[in-house]
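Everything below concerns the one structure shown next.
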Amino acid sequence: MTDQLFQFLISGITVGSVYALVGLGFTIIYNASDVVNFAQGEFVMIGAMSAIFLYRAGVPYPFALAAAVIITMAVGMLLEKLAIEPAKNASVVTTIIITIGASIFLRGAALLIWGKDIYGLPPFTKDVPISIGNATLLPQNLYVMGGTALSVLAVRYFFDKTITGKAILACSCNRKAASLVGINVNRMLLIAYGISALLGAIAGILVTPITYTSYDSGVMLGLKGFCAAILGGMGSSMGAVAGGLLLGVIESLGAGIISSGYKDAIAFVVILAVLFIRPSGLLGSADAERV
Amino acid sequence: MYKTVRMIMVFAAALLLCSTYTASAGDTLKIGSFLAVTGPASFLGDPELKTLQMYIDDINSKGGIDGTKIEFIHYDTKAKAKDAKNFVNRLIKKDRVDVIIGGSTSGNTIAVMDLVEKAHVPLISLAGSVKIIEPVKKWIFKTPHTDRMAAAKIFEDIKARGFTKVALITGNGGFDKSGRAQCLALAPKYGLVIVADEKYGNSDTDMTTQITKIRSTDAQVIVNFGFGKAPAIVTKNIRQLGVKLPLYQSHGVASKKFIELAGEAAEGVRLPAAGLIVADKLPDTDPQKRVLLAYKNAYEAKYGPVSTFGGHAYDALFITVNAVRSAGSTDRAKIRDEIEKTKGFVGTGGIFNMSPSDHLGLGLDSFHMVEIKNGDWVLVN
Amino acid sequence: MSLLSVSGLEKKFGGVTAIAGLDFKVDPEIIFAIIGPNGAGKTTLFNLLTSIYTPTAGTVTFDGHDLTRLKPFQIAKLGITRTFQNLQIFLNMTVLQNVMVGCHLRSRCGIFEAAFRLPSVLKEEKRVREMAMEALEFCGMQDIANRDASSLPYGVLKKLEVARALAAKPRMLLMDEPAAGLNDTETVSMSKLIRDITSSGVTVLLVEHNMGLVMDVSDRVLVLNYGELLSEGTPQEIQCDPRVIAAYLGE
Amino acid sequence: MKRLAGFYILAAVLIATGLIFPDSYYVTVVGVTICTNAVLAVSLNLLMGYAGQISLGHAAFFGLGAYASAVLTTKYGTNPWLAMLAGVGISGTLAFVLARPILKLKGHYLAMATLGMGIIIHIFFVQADWITGGPDGLSGIPEISIAGLAINNDIRWYWVFGGLMLFTTWISLNIVDSRPGRALAAVHGSEVAAQMTGVDTASVKAQIFVVSAVIASVAGSLFAHQQAFVSPESFSFFFSIELVTMVVLGGLASTFGAIFGAVLLSILPEFLLVFEDFEVLIYGAILMIIMIFLPEGLFVSGSRIVTGWLKKRELSTQ
């Protein structure tokens, strides 16, 4: 039983790492612009798909991965420039629909460019399973976890220590004040979308060797990432990471111990229960209304 | 003022309802199709549509069926039942087709069966579920082998190898669920015990949890019913966890894509499939061989690797064409009667012998058990 | 017999004490002003009286009812309404509709009757409209009844909040800085409005920074400093109280 | 009567269309889809547009109604109207029980909770195959008859759904312009202020949640009979999102806006069919463009622009 549990945890953490990265992407954009970007999952798909096609076109693997990340960042920034910036004063629901439209648009574009086939990427290093007791994992699982951990640390460093990072946070607190102290708000938003897309692309290329991808695989990941961000508390980046990992583990334990058919339902029941008790998520701060 | 404008806008919106009315055309055979060309079942719908288009163009360029040209009308359901229903409605009421070919998935087909029965239009489904033809419905036929046949073929092989304890793992789609139901129902007949019955979501990315649970049972073989990327992930996860049990997949993965995705992990996987994927390995005496190779070569020359799914569309199209030819008319009822009389038609799925009580007309022998070896299909004897 | 009595009221946010052991009583049909420097806890006190915050300790009694366990709408039911420091106008409605919401407690129509628009609904709608117009007239706003609230200037919206609160026919009205942001003419008309309200039989609790207005209209004044009661009395007494002067001038 | 003028025009157009084109595909098939979607959009708009409470799980109530009717009529031979009532009971009760804890949440958290609710119910439809038939769904749902008249052809279904749409529109217009409707709008405008005018906000939100769930459930029951078939993916979260899109696209807090959005999003795919592979791309682009340039929705922003333009013309001609 303990062996099994350990295996469930490995599985949960691998899956949860991806949720965490997508959730972190949600949080960064939310913090910078108050927009919940439902096209977040498409970044994962675009990252993975461009890597696959560059690689198939003969680009050496590491370069293909790097180029895919850059392509995705460009898409993220274009999204901000063309769809979010023109709609700056729109209400929350309106921006939600805009990002949903963007997500459909990106999926449609991917369908046209890459077709509807399912593709995989080769693992980063040879696919020899590693055994720990009775549990086994692939080297790629370790790359996923390690890659996620590094990305999270890098994001933390960026927002805690660099001037640009702090400037982006300032935009989120008060846009007017930020622009008064000389911060170029539009540029900061652009950077935030870029980083968020970057995280999506990293998640995509880390996980595709295990899970494959196709033009429509972004939807589910986007949804799970949103769950992660909410579970952790919207706006809290470490909350999103914790939320993602927790969600992955809940799904895996739910499938392993209770019922694999209802595992997603179990995960949502847990999320609902958390929200009923803590209406602002695990690490989110309740904002009081001033009257 | 504002209010008046609002009213005008309401009026304009409602006027959009009143679009033009299209009447049906004259002397052609109208074939309509509703296939899942995009969406989760696109690997079914895509080759099906390509096959239909290729052969219909071919027939028309050769002067049609005894002079009757085929007009082909197609809609993409994205595998959504509601769309299937709307499109079939559109085919029947707006396009007024004579025959319908589709849907790609059982769900899409089942969704429109009542409608088609009421409208008296012959329909040949390209989906697997046995529910489509059992009980027999007057206007509804199908060409792919049923999921029950697949389960039976798998169990036959398992029994022949002397195993008795089976672990099932299936997805949450219609194909998966219906395959699972057939397995559960058929197992006792073959003296097999289902010792595990695990499920996953078709968009899940990791199934090690379910396989870990299977590992802790005393299963001797694993059977996975599913299509798309999930069976490839299951296959890889099984190997990753070092589970050495023989793995059976369903005919849902009978395409080169599966071997490409699962890679080395696919070695040794067995599955029941139509003759198409092993066409060149069949003995020359096999009556199907000529048809299979002709289809395979024609398709691959134009679109790339062939899959058995396109073959179902080929069968459906030529059963229709033969029926129209022998009916000598495009009358729906006559075509239906002739489809039901199909005998000895050599298709890609096997040799079809339909009857009023059998709207498929394939026997278990039309399935071949194949194994994946060195990245290719090999016939199991 | 006092209408409102507060005893031992305390509110802590984390480690910060916003209101510390406050005791006071308000007699009916007077204008009772609460003043104090910024951050003294005036709005917090209002939020406690209307149960938007739950007190850490102490009780609030209104006409014999304990308010501390009630929800804000139940407090409204007992006859207390208020206006807000940061305007809380329903910007998605017209002026009249805003005030008609104020009549919520004086009408009864439920969602079922409303959905089918039973005859009783029509009758009540007419009555509510009249009541709302009455409140608007009281505040001199009847001419702009059909304007969208979002199109009005700040000063008018301040008055609209008063009209909306009055439409409920309250026994006590809490006004949070009614004159803030108003120009001189508007302030004069606001102080007249406040007096009119009291003469119509409503007790007014007033938080205000404009000392001219406070001293002009109030019957009693309470001075808060750092959440504690610094002094209470008539305007004249307060103006001469050295503690108050010290607090305001910063010693 | 001015209040209902738009309603009368809508009714007139609906009836005229049905009488003039009783055989047109666009009336009997697309028309029915439009009316179904309009009913759902109008009911969702009560919750979202007027009360300001976003719901990404509205399709679940539609599904509960549909499945209640499908299961009870096919498996237990229940009278269709009783089955519909049972659906209303189930949806209404569920909505009532969930309303308070869920609607306590705000903004994105509320979106998440309703989304979760919708997905849990959808998973139930997929997984509980012993009762719901699983992903293949249930077929053979009997037809219904109203006052002895069997609803057995498309145009009759058009009248049924057209009737339901008009009824829902009427109810929505009634509620909006009444005490509970103003209370809803007050909750949307400022929850604190609503409370201080004596509005029991939790109860008002719960009430409208139940009302919109019940309307969706009735639509679902009729949908099940009209389609004679139900399967889970008609009630997936994608459909919930589509409904939200209809409401926002038309313009929040406008009953006719919701109808307008439903008409547009039901017809658009029919016209985009000719673009084949480009369909998805164009659909997404249209959504984005409308929301960027008309953030208040096509109907609301649109009529504002037209009104402004007319006013200008009037001024210049004077």
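Values in this text are rule-based calculations from the coordinates and carry no lab data. A quick note: this is a predicted structure, and the numbers were derived from the prediction, not measured. When we count neighbours, we look across all protein chains shown, and the Cβ atoms used for this are built from the backbone with ideal geometry, even at glycine.
With each label modelled as a point 7 angstrom along the Cα→C-beta vector, the C:Glu137-B:Asp66 pair spans 9.1 nm.
How do C:Glu208, B:Glu340 line up, fewest other C-beta atoms within 10 Å first?
Details: C:Glu208 24, B:Glu340 20.
Fewest-to-most Cβ neighbours within 10 Å comes out as B:Glu340, C:Glu208.
Residue by residue along D:97-107, Cβ atoms of other protein chains within 10 Å of the local Cβ number 3 on average.
Taking N as the number of residues in the range D:5-317, what value does Rg over Cα atoms divided by 2.2 N^0.38 Å take?
Numbers: Rg = 19.7 Å, N = 313, 2.2 N^0.38 = 19.5 Å.
For the range D:5-317, the normalised Cα radius of gyration comes out at 1.01.
Compactness of chain A is given as radius of gyration and Dmax, 18.9, 62 Å, from Cα positions. With no solvent and one equal point scatterer per Cα, compute the Debye intensity ratio I(q)/I(0) for the range A:197-243 at 0.23 Å⁻¹ and report its log10, rounded to two decimals. Each listed q maps to, in turn, -0.87.
Taking a temperature of 25 °C and a viscosity of 0.890 mPa s, what whole-number D in µm²/s does Stokes-Einstein yield for the range D:68-126 with Rh from Kirkwood over alpha carbon pairs? Spell out each step's value before the answer.
Values: Rh = 12.9 Å.
It comes out at roughly 190 µm²/s.
Computed about its Cα centre, the charge dipole of chain B is approximately 880 debye, with only Lys, Arg, Asp and Glu carrying charge at their Cβ.
Over the protein assembly as shown, the pair-distance histogram of Cα-Cα distances with 10 Å bins from zero comes to 2, 9, 16, 20, 19, 15, 9, 6, 3, 1, 0, 0 percent, rounded to whole numbers. Each of C:Ile89, D:Val280, B:Val346 was placed along the dipole of the protein assembly as shown (beta-carbon charges, centred on the mean Cα), and the one lying farthest toward the positive end is B:Val346. Which residues in the range C:1-40 have a backbone N closer than 13 Å to a point placed 7 Å from the Cα of C:Thr61 along the Cα-to-Cβ line? Only C:1-8, C:24-26 fall inside the zone, counting backbone N under 13 Å. Computed 3J(HN,Hα) for the range A:48-58, one whole-Hz value per residue from the Karplus formula 6.51 cos²θ - 1.76 cosθ + 1.60 where θ = phi - 60°, is 5, 5, 5, 4, 4, 6, 5, 4, 5, 7, x, glycine and proline marked x. Two numbers describe the Cα atoms of chain C: Rg and Dmax, which are 18.8, 66 Å. Running a GNM on chain D with Cα contacts under 10 Å, which residue among D:Val13, D:Val248, D:Val29 ends up with the highest mean-square fluctuation? Checking each option, the largest mean-square fluctuation is seen for D:Val13.
How large is Rg over Rh for the range C:110-162, taking Rg from the Cα atoms and Rh as the Kirkwood inverse mean of 1/r across Cα pairs? Using Cα coordinates only, the ratio equals 1.11.
Label sites at C:Arg108 and D:Lys75, each approximated as a point 7 angstrom past Cα along Cα to Cβ, lie 4.4 nm apart.
Normalised size of the range D:137-256, defined as Cα radius of gyration per 2.2 N^0.38 Å with N residues, equals 1.30. Cross-link pairs exceeding 29 Å between alpha carbons, from the set A:Lys176/C:Lys71; B:Lys137/B:Lys296; A:Lys81/B:Lys78; B:Lys244/B:Lys302; B:Lys131/B:Lys236; B:Lys199/D:Lys75: A:Lys176/C:Lys71; B:Lys137/B:Lys296; A:Lys81/B:Lys78; B:Lys244/B:Lys302; B:Lys131/B:Lys236. Give the separation of the Cα centroids, the range C:107-148 to the range B:215-233, in Å. Comparing the Cα centres of the range C:107-148 and the range B:215-233, I get a distance of 66 Å. Of interest is the spacing of the C-alpha centroids, which for the range C:196-224 and the range D:236-272 amounts to 52 Å. A DSSP coil position with no more than 16 other Cβ atoms inside 10 Å describes the following trypsin sites (Lys or Arg not before Pro) in the range B:200-300: B:Lys244.
Rounded to the nearest 20 debye, the dipole size of the range D:5-317 about its Cα centre is 1100 debye, using +1 on the Cβ of Lys and Arg and -1 on the Cβ of Asp and Glu. How fast does the range B:148-273 diffuse by Stokes-Einstein, in µm²/s, taking the Kirkwood radius from C-alpha pairs at 37 °C and 0.692 mPa s? D, rounded to a whole number, is 234 µm²/s.
Its alpha carbons considered, the range A:111-265 gives a radius of gyration followed by a Dmax of 18.7, 60 Å.
Principal axis analysis of the Cα atoms in the range B:235-381 yields extents of 59, 35, 28 Å, listed in decreasing size.
Size of the dipole of the protein assembly as shown about the Cα centre, Lys and Arg at +1 and Asp and Glu at -1 on the beta carbon, nothing else charged, in debye to 20?
720
For the pair the range D:136-162 and the range B:268-315, the centres of their Cα atoms are 44 angstrom apart. Scattering from the range D:213-283 was approximated by placing one identical point on each alpha carbon and applying the Debye formula without solvent; log10 I(q)/I(0) at 0.18, 0.21, 0.25 1/Å stands at -0.89, -1.11, -1.21. Place a point 7 Å from the Cα of C:Glu228 along the Cα-to-Cβ direction; which residues of the range C:1-17 have their backbone N under 18 Å from it? The answer is C:7-13, C:15-17, whose backbone nitrogens lie closer than 18 Å to the label point.
The overall shape of the range D:21-63 is prolate: from the C-alpha gyration tensor, with semi-axes ordered a ≥ b ≥ c, the ratio a/c is 1.5 or greater and a/b exceeds b/c. Calculated on C-alpha atoms, the gyration radius of chain B divided by its Kirkwood radius gives an Rg/Rh of 1.03. Summarising the label geometry, the points placed 7 Å from Cα in the beta-carbon direction at D:Ala16 and B:Ala160 lie 7.1 nm from one another. Counting only Cα atoms, the size of the range C:1-134 along its three principal axes is 53, 33, 29 Å, in decreasing order.
Residues D:Ser236, D:Ser266, ranked from the fewest to the most other C-beta atoms within 10 Å, line up as D:Ser236, D:Ser266. Pairwise alpha-carbon distances in the range C:50-128 exceed 21 Å for 47% of all pairs. Of all the options C:Lys42, C:Lys77, C:Lys126, the one that moves most in a Gaussian network model of chain C with Cα springs shorter than 10 angstrom is C:Lys126.
Could you point to the residue in B:Gly174, B:Ala273, B:Gly226 farthest towards the positive end of the range B:148-273's charge dipole, with +1 and -1 charges on the Cβ of Lys/Arg and Asp/Glu respectively? Toward the positive end, the furthest listed residue is B:Ala273.
Can you give the Rg to Rh ratio of the range D:1-95, both from alpha-carbon atoms, with Rh computed by the Kirkwood formula? For the range D:1-95, the value is 1.06.
Once the Cα-Cα distance is subtracted from the 0.36 nm per residue extended length, the D:Thr93 to D:Phe293 segment shows a gain of 68.0 nm.
Can you sort D:His58, C:His104 so the residue with the fewest Cβ neighbours within 10 Å comes first?
Working: D:His58 29, C:His104 25.
Final ranking by Cβ density, sparse to dense: C:His104, D:His58.
Farthest towards the positive end of the charge dipole of the protein assembly as shown, among the residues C:Ser5, D:Phe229, A:Thr213, is the Cα of D:Phe229, using unit charges on the Cβ of Lys, Arg, Asp and Glu.
Averaging the inverse of every distinct alpha carbon separation and then flipping it gives the Kirkwood radius. What is it for the range C:157-245, in angstrom units? One decimal place: 13.9 Å for the Kirkwood radius.
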